[in-house]
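The values are calculated or read from the model by the stated rules, or taken from the named source; none is laboratory data. Remember, predicted model here, so these are calculated numbers, not experimental data. Reconstructed Cβ throughout: ideal geometry from the backbone, glycine too, with neighbour counts over all protein chains shown.
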Amino acid sequence: MRSFVNPLFAVILAGVLAACSSTPTEQDTSATDTSGMDSQTGTTQPVQRPESTRPDTSSVPLTADNFHNHPSNYDGTTDTRVIYFAFDSNTVPAAAFESLRAHATYLKNNANAKLRLEGHADERGTREYNVALSERRAQAVQKFLRVQGVSSSQLEVVSYGEEKPAAFGHSEMDWAKNRRVELNYVAGRP
Amino acid sequence: MKRLILALVLATLTVAARAELLIKVTEGRVDAVPIAIVPFDGDNEAPEQVSSIVEADLHRSGQFKPLPAKNMLSRPHTKDAIIYRDFRVLGQEYLVIGHTKPRDDGRYEVTYGLYDVGRQRELFSESYSPTKAQLRDVAHAISDRIYEELTGIPGAFSTKILYVTHNRGAKLPYQLQYADADGHRVKTILSSAEPIMSPSWSPDGSKIAYVSFENNGKPNIYVHDLASGQRSVVSRERGINGAPSWSPDGQRLVITLSKDGNPELYMVNVNGGGLTRLTDNYGIDTEARWMPDGEHVVFTSSRSGGPQIYMLNINDRSARRVSFEGNYNARPDVTPDGRYLVYVHRRNGSFNVGVQDLQRGTFDIVTQTNMDESPSVAPNGSMVIYGTQRRGTGVLEAVSIDGRVKVELPSKEGEVREPAWSPFL
């Protein structure tokens, strides 16, 4: 019986989460992530972060393919300052949702805070086209934060294309590290 | 001891060459024309060896095969001293002789002649009186004249290459520079802590436009007068300000702006006024190049999914797709006659320079490297210079439009990228 109820519950919970956030174009499969619901209820914050509900990341090997959506890249707080993206994609990865919600909460609670979203691409492809692609990544993060209720006046988008790589090598892993949006507070840094 | 001397010589050479681009012809034409350029009388005493520069220019075109001086049976400096047989037996078709002599007024006299070995006659001869600083200019002018006489196409040896360098770790890592087409006489136009992108020449070669992120990390488009060093901001809208390209009349630029949320092409006067939107669709529109007719703009658009090349009619704003091979074609440039488009084509994960013949409808990949970008056509339409990677760093290479000649221009330090070949100056 238990084995029947659990998946059903998971499906319902996933549906609730999807209905709540309305941003994700990707399915939020981390159904155990309950902190997402906390941020939906407004200013109520858990006194202590429920660490136990965070997925155990040690067992998932980090590869160039899963780098953007790997839990080890996102700590669920405003300490997360880089959101990674899959190749040729501007979809915000589900693993970054909790961290972005933390930024949204912070921005809503601190009207003086201003966040610059800096879009980057890997080196493949032409330079100005990459500037355009990386702007779409920064805009996707901007949209996510706007849906969470962040004022547009607190957000700014700049795109650098492949001009400011974080990793200087030419491997798949270097490219994974360079497909990113950096969250740079220009005022009211948390 | 010999080793030590060799090491010292090598060290000296390395220091001298460091800042400049060194050029290597990796692939020449099998039917390259044999030509003997006899070292000019007085060249060894002059500050620049004119005949060596001419030899290097013609060699670099891939269309000529200069005879090494050590193989010459005689080395005439005057018309009367020529023994044609000495060059005929070595299979030479043409002969260049001349001299570089200092004059009393501090200038030099450079006199040379071009001779047809088979017909045993002079094709032409001429004389220049350059200052010391003009010796290289004269050498390139001689190369241009010989090239045009023998191929029927104007030479592009007196032109410049504009490019961006990146020296990671330097205080001002991004530099905008230009150099002679042979890599010599490097001049730095701008040094910056923030990226510099998309340099583009005005049609008369007096000004350049580029994107610089120096203003608080945001992209602005600048127009920069090379002689005076004065510059002005043409565009600093919210979002992307990118990809400037000059109109053939030099009055306007087509640029990319995303101020309305999506990258679109706009036309703007060189002074920054008269902003007019040219495209309007959900896809990315960028990397525009003005066609020589002044009525069309070729550009990259993702309106059909991935990036493809489109042609926009500026008057009625209609656009039609022109690239159909593969799923990634971007950053076009065009030959001066408007016949060929060169752009970046992706095939099996590799990015190469492709040439599309708009007249015959053919498309050919002309490079074998795999990270090629920013192709730029020489003003005589003969060669395409582009950025690529060798040994993990950005370098410049050039290829002929027909793919038969390849030239490497490796830099000694840092990355070199986004070359833009000047117009005739």
Can you name the residue in the stretch B:393-425 that is in a loop (DSSP other than H, G, I, E, B) and within 13 Å of residue B:166 (Cβ to Cβ) and, of all such residues, is modelled with the lowest pLDDT?
B:411
Given the conditions (1) under 24 Å from the mean Cα position of the chain (by Cα); (2) on the phi > 0 side of the Ramachandran plot, report the number of the one that residue B:329 does not fulfil.
(2)
I need a count of the residues in the stretch B:186-213 that are over 23 Å from residue B:271 (Cβ atoms) and assigned to a strand (DSSP E or B).
4
Hey, among B:126, B:149, B:194, which residue is crowded, with 17+ Cβ neighbours inside 10 Å and acidic (Asp, Glu)?
B:194
So residue B:348 fits all but one of (1) modelled with pLDDT under 95; (2) more than 14 Å from chain A (Cβ to nearest Cβ); what number is the exception?
(2)
Counted residues in the stretch B:326-340 being of a type in the set (Asp, Glu) and either surrounded by 14 or more Cβ atoms within 10 Å (Cβ to Cβ) or more than 28 Å from residue B:383 (Cβ to Cβ) (or both) come to 1
The correct count of residues that are under 18 Å from the mean Cα position of the chain (by Cα) and of a type in the set (D, E, K, R) in the stretch A:149-188 is 5
Residue set B:283, B:272, B:242; condition at positive phi and in the same structural domain as residue B:348 (by TED's automatic domain parsing); output residue B:272
Filter result for residue B:297 (buried (at least 18 other Cβ atoms within 10 Å of the Cβ), out of contact with any Ser or Thr (no Cβ under 7 Å at 6 or more places or on another chain) and assigned by TED's automatic domain parsing to the domain that holds residue B:342):
yes
Looking at the stretch B:86-138 only, could you name the residues that are without any contact (Cβ under 8 Å) to a residue 24 or more places away in the chain, closer than 28 Å to residue B:65 by Cβ and either among the aliphatic types (A, V, I, L, M) or not assigned by TED's automatic domain parsing to the domain that holds residue B:64 (or both)?
B:89
Looking only at helices (runs of 4 or more DSSP H) that lie completely in the stretch A:86-190, which have at least 1 residues being of a type in the set (S, T, N, Q) and in contact (Cβ under 8 Å) with a residue 60 or more places away in the chain?
A:97-109
Answer yes or no as to whether residue B:26 is at pLDDT below 95 and of a type in the set (Ser, Thr, Tyr).
yes
Assess whether residue B:150 counts as being at pLDDT 95 or above and assigned to a strand (DSSP E or B).
no
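Check whether at least one residue in the stretch B:339-349 is under 26 Å from residue B:155 (Cα atoms) and in a loop (DSSP other than H, G, I, E, B), and report yes or no.
Among the residues of the stretch B:339-349, at least one is under 26 Å from residue B:155 (Cα atoms) and in a loop (DSSP other than H, G, I, E, B), which makes the answer yes.
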In the stretch A:89-148, which residue that is within 11 Å of the chain's Cα centre (by Cα) and among the hydroxyl-bearing types (Ser, Thr, Tyr) is farthest from the other protein chains (Cβ to nearest Cβ)?
A:99
Does residue B:381 count as assigned to a loop (DSSP other than H, G, I, E, B), touching a residue at least 24 places away in the same chain (Cβ under 8 Å) and assigned by TED's automatic domain parsing to the domain that holds residue B:263?
yes
